[in-house]
Amino acid sequence: YSRDGKTQVIANGYYQICGYEFESGKQIWRLSNGGDAPAPTPVIANDLIYLNSAHGIFSPIFVVKPDAKGDITLASDSTKNQYIVWSVKHGGAYMQTPLIYDGLLYNLNINGQLTCYDALTGEIRYKESFKEAFSASAVAADGKIYLSSESGNVYVIKAGPRYKLISKNSLKDNCMATPAISGNRLFFRTQHYVIAIE
């Protein structure tokens, strides 16, 4: 993350999530009580840092200001502080990186539970369950959100604060990789194929 000519590296780590000075490696801030096997990538949007993880006793989502300093760990009874804009204690994703698109945060869990939040306030807009397993992160283009399940079902939903399923399509193969978007094509990597859809 770069701001005002300074770059920091954000690490979604076990024991602590941290921000480091890029040039020196010096720790700028730290945050405890994340999941104990953090896989999701931090996301920068709205001039904020979005973090999630879910494994062990903690499964939070944290939204951190980039000017954070020192230990910014939340008090046990709090969901925000000087540097944390909003958070949820339970509901973060184990594998999937959150998607922030048109002012909303889409958080997809491995069990198929999708929660849509207002990205700035943390207000829940809707919850929907697909009742199957997901490892891939959600992607978005042209006002649509694409969610690929492990069994190869691709759910296409309308972006926005109300849930609307546009279509459900089968890749007819197992799929654990996040789709890629290039131009007007979607690329899916399944167990046996690479599939391009225009």
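The values are calculated or read from the model by the stated rules, or taken from the named source; none is laboratory data. Please read these numbers as outputs of a predicted model, since none were measured by experiment. Neighbour counts are summed over all protein chains in view; Cβ atoms, including those assigned to glycine, are modelled from backbone coordinates with ideal geometry. What goes into the accessible areas is simple: the full protein's heavy atoms, side chains included, and nothing from ligands, DNA or RNA. Shrake-Rupley method; radii C 1.70, N 1.55, O 1.52, S 1.80 Å.
Figures for the structure shown
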item: GluC sites (Glu not before Pro) within the stretch 118-196: DSSP coil, no more than 16 neighbouring Cβ in 10 Å; result: Glu123, Glu132, Glu150
item: Sequence-distant residues sharing a close amide H with Leu104 (under 5 Å, placed H); result: Ala119
item: For peptides 71-77, 93-99, 30-36, sequence by mean Cβ density within 10 Å, most packed first; result: 93-99, 30-36, 71-77
item: Reachable aspartates and glutamates from Lys164, criterion Cα separation under 17 angstrom, eight or more residues apart if same chain; result: Asp102, Asp118, Glu128, Asp142
item: Ranked packing of 136-144, 46-54, most packed first, by mean Cβ within 10 Å; result: 46-54, 136-144
item: Reach of Lys168 by Cα under 16 Å, taken over lysines that are not fewer than 8 positions away in the same chain; result: Lys131, Lys144, Lys158
item: Net charge dipole size for the stretch 146-198 [Lys, Arg +1 and Asp, Glu -1 on Cβ; Debye, nearest 20]; result: 260
item: Within the accessible area of the stretch 46-198 (1.4 Å probe), percent carbon and sulfur; result: 51
item: Cα centroid of the stretch 84-125 to Cα centroid of the stretch 1-66, whole Å; result: 15
item: In the stretch 1-91, lysine pairs closer than 24 Å at Cα, eight or more apart or cross-chain; result: 10
item: Cα-centred dipole magnitude for the stretch 10-134, charges only on beta-carbon of K, R (+1) and D, E (-1), debye, nearest 20; result: 180
item: Lys, Arg +1 and Asp, Glu -1 on Cβ, resulting dipole of the stretch 18-70 about Cα centre, debye, nearest 20; result: 120
item: His90 accessible area, 1.4 Å probe, all protein chains in place, Å² to nearest 10; result: 130
item: The chain - accessible surface per residue (Å², probe 1.4 Å); result: 51
item: Accessible area of Tyr1 in the full protein assembly, 1.4 Å probe (Å², nearest 10); result: 50
item: Alpha carbon convex hull of the stretch 1-131, projected area averaged over orientations, nm²; result: 7.8
